[in-house]
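This report concerns only the one structure given below.
The values are calculated or read from the model by the stated rules, or taken from the named source; none is laboratory data. These numbers were taken from a predicted model, which means no experiment stands behind them. We place every Cβ from the backbone using ideal geometry, glycine too, and count neighbours over all the protein chains shown.
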């Protein structure tokens, strides 16, 4: 398996939702789909709403446009005081949009790339807000079929700007901003290396929500690999109301970032294999 989402159950369902209108009408409620996406609760939505009020209140003035993200797929809708009916998932995407806007300012005319685009929720909201030049999505072929069907519902002005990337066919594309909401950090080290070489290294700036998984590279390893690619102004930022294993890893942003602990980076640079061996032993003891 290449990533957490690369399992046959999820892949098969995305293909069914993309080709069967009846399945598509409620795909956001499906159990196989919610193992990967659309698993946010009312309380999660309330957390995102409170964060938006604090960090990006102006985005809430366009809430009615963003709510159209819930017009298709049978989203789980809840009522929130002050903004009305909306899904926690859409509030999650608005929060991601706020990270983008607060990090990079106006995105008009820029070329964005997303590692793990899901059904296109974040892409749709970005294009609601900004007149971007292009939005490249790297995801599984079956998921891309679903993204195509989903964005088609909103008109060609969305889908015309979407490019579906293929790691096996990447040539000399460059991007202004790279973004990933946990998808990159859920890939295997082999796939992470490909993304680092073919996508992340070709983005002038970017950020990712990093949820550390034991089957993927440790954050320290990723940090050192990104430094080796000469990505500037790198660092991390805690994600509010999340566990310690989730944070923002970013480069060339307007965010005030913290560097990962120097000691751990030094140990990895001294001997990467020894660091990985020690890490596996620590994780094995911790998981007993």
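I'm trying to understand the selection: among the residues of the stretch 108-144, which are in contact with a helix residue (DSSP H, G or I) (Cβ under 9 Å, 6 or more places away or on another chain), surrounded by fewer than 22 Cβ atoms within 10 Å (Cβ to Cβ), closer than 15 Å to residue 158 by Cα and in contact (Cβ under 8 Å) with a residue 40 or more places away in the chain?
Within the stretch 108-144, 110, 128, 129 qualify.
Tell me, yes or no, whether the stretch 61-70 has at least one residue that is crowded, with 20+ Cβ neighbours inside 10 Å and in a helix (DSSP H, G or I). If you could, list the steps in order and put the result at the bottom.
Pass one, the stretch 61-70, residues crowded, with 20+ Cβ neighbours inside 10 Å: 66, 69.
With in a helix (DSSP H, G or I) added as a condition, the list becomes 66, 69.
Yes, the stretch 61-70 has at least one match.
So residue 81 ticks every box in (1) more than 23 Å from residue 118 (Cβ to Cβ); (2) at pLDDT 95 or above but one. Which box is left unticked?
For residue 81, the exception is condition (2).
Exactly one condition in (1) touching a residue at least 24 places away in the same chain (Cβ under 8 Å); (2) surrounded by fewer than 19 Cβ atoms within 10 Å (Cβ to Cβ) is not met by residue 22; state its number.
(1)
Exactly one of (1) in contact with a strand residue (DSSP E or B) (Cβ under 7 Å, 6 or more places away or on another chain); (2) without any contact (Cβ under 8 Å) to a residue 40 or more places away in the chain is unmet by residue 158. Its number?
Going through the list (1) in contact with a strand residue (DSSP E or B) (Cβ under 7 Å, 6 or more places away or on another chain); (2) without any contact (Cβ under 8 Å) to a residue 40 or more places away in the chain, residue 158 breaks only (1).
Need pairs with beta-carbon distance below 7 Å; first residue farther than 19 Å from residue 205 by Cβ and within the stretch 167-182, second at pLDDT 95 or above and buried (at least 19 other Cβ atoms within 10 Å of the Cβ); sequence gap 6+ or separate chains.
From residues that are farther than 19 Å from residue 205 by Cβ, the pairs are 167/138.
Modelled with pLDDT of 80 or more, surrounded by 19 or more Cβ atoms within 10 Å (Cβ to Cβ) and either more than 17 Å from the chain's Cα centre (by Cα) or over 30 Å from residue 133 (Cβ atoms) (or both): does that describe residue 175?
Details: modelled with pLDDT of 80 or more: yes; surrounded by 19 or more Cβ atoms within 10 Å (Cβ to Cβ): yes; either more than 17 Å from the chain's Cα centre (by Cα) or over 30 Å from residue 133 (Cβ atoms) (or both): no.
The answer is no for residue 175.
Keeping to the stretch 63-90, report how many residues are out of contact with any strand residue (DSSP E or B) (no Cβ under 9 Å at 6 or more places or on another chain) and over 21 Å from residue 150 (Cα atoms).
So the count comes out to 4.
Got a sec? Which of 79, 93 is free of Cβ contacts under 8 Å to residues at least 40 places away in the same chain and surrounded by 15 or more Cβ atoms within 10 Å (Cβ to Cβ)? Spell out the reasoning first.
Working: 79 fails: surrounded by 15 or more Cβ atoms within 10 Å (Cβ to Cβ).
On inspection, the qualifying residue turns out to be 93.
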